[in-house]
Amino acid sequence: MHGFIGELVGTFILIVIGCGVGAGLNLKKTFSSGQKDWFYISFAWGVAVTMGVYVAGSLGSQGHLNPAVTIAFAVAGTFPHAQVGPYLAGQFLGAFLGAVVVIIQFWSHFKATTRPENNNVSIFATMPGINYGLFNFISELIATFVFILVLVNLGNFTTGLKPVVVGLVIFAIGAGLGTTTGFALNPARDWGPRLAYTLIPVPNKSGAGWWYSWVPMFGPICGGLLAVGLQAMVK
């Protein structure tokens with residue numbers, strides 16, 4: 001239960017901060033609307049991950065917040081298989097609930113934002129700059145490969161300043177590799193908010209883009225498996 005609760009609350013924090021930034025930048029009549037800056041977005045998601053990892057670690061989990069991390073570590077033999085189910089459940093549920101809170105927080109701004117280019121699923125989930133399925137998949141694979149290769153060499157990344165390092169890695173990947181697909185890196189971070197956007201009658205919303213959802217699901221998982229496979233080969 002500690003793992004489930006830690007992953008749920010930590011992922012919840014991650015999504016509230018990260019998707020909150022997306023909402024504030026895109027919706028009308030917020031104080032940050034129209035001030036789009038990719039470095040700012042990347043940095044905010046990095047801080048969101050840092051805060052989530054700290055909270056999850058304090059509640060007794062390993063601070064994965066990400067099915068790609070949990071699955072990769074389990075395959076590598078550094079995480080117990082019996083804990084995979086509770087961790088994944090906590091991650092997806094936490095991401096869903098975090099998106100619900102963001103929808104409530106920005107409800108009046110969703111009502112004020114009628115243009116679909118500003119009020120769309122990209123506030124919550126990732127979409128490609130150019131829709132090219134194979135290369136979108138490869139983009140997520142590469143970005144997650146880099147992320148998890150760093151994680152497996154950090155040891156317990158919930159302690160000390162290591163969550164800050166994890167956040168900086170997210171920031172660097174977002175700034176350097178994230179501009180093609182929005183750097184999901186994390187199936188729960190994408191699918192949980194996408195589902196919330198689908199189920200809740202968000203004012204003026206457009207489609208949830210489920211046609212693209214296979215990329216942020218399988219790209220990160222494959223990237224994580226590739227990273228732990230390479231790590232096992234070189235150590």
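Just so you know, all these numbers are worked out from the coordinates, no wet-lab data involved. Because the structure is predicted, anything quoted here is derived from the model rather than measured. Note that each Cβ is placed from the backbone with ideal geometry, even for glycine, and that neighbours are counted across all protein chains shown.
Over the range 8-133, what is the relative contact order in percent, taking alpha-carbon pairs closer than 8 angstrom and at least six residues apart?
41 percent
What is the packing order of peptides 142-151, 183-192, taking the mean over residues of other C-beta atoms within 10 Å and listing the highest first?
Ranked from most to least packed, the peptides come out as 183-192, 142-151.
Using only the Cα atoms of the chain, what are the Rg and Dmax in Å?
16.6, 55
What chymotrypsin sites (Phe, Trp or Tyr not before Pro) does the range 58-134 have in DSSP loop regions with at most 13 other beta carbons within 10 Å?
Those satisfying the criteria are TYR132.
For helix 84-105, report the angle its Cα long axis makes with the longest principal axis of the Cα atoms of the chain; keep it between 0 and 90° and round to the nearest 10°.
With both axes taken from Cα atoms, the answer is about 20 degrees.
Can you pull out the trypsin sites (Lys or Arg not before Pro) in the range 11-91 that DSSP calls coil and that have at most 12 other Cβ atoms within 10 Å?
Passing sites in the range 11-91 are LYS29, LYS36.
For n ≥ 4 DSSP H runs only, could you compute -39500 (n - 2.57) per run for the chain, divide by its residues and tell me the 222 nm figure to the nearest 500?
-22000 deg cm²/dmol
In Å and on Cα atoms, what radius of gyration and Dmax does the range 99-208 show?
16.1, 46
On C-alpha positions alone, give me the angle between the axis of helix 162-177 and the longest principal axis of the chain, in degrees, nearest 10.
The angle comes out at about 60 degrees.
Could you give the dipole magnitude of the chain about its Cα centre, charging the beta-carbon of Lys and Arg +1 and that of Asp and Glu -1, in debye to the nearest 20?
I would put it at about 380 debye.
Using per-residue counts of other Cβ atoms within 10 Å, averaged over each peptide, order 219-228, 203-212 from highest down.
Top of the packing list down: 219-228, 203-212.
Along the charge dipole of the range 2-234, pointing to its positive end and built from +1/-1 on Cβ of Lys, Arg, Asp and Glu, which listed residue (ALA196, GLN231, GLY219) has its Cα farthest out?
ALA196
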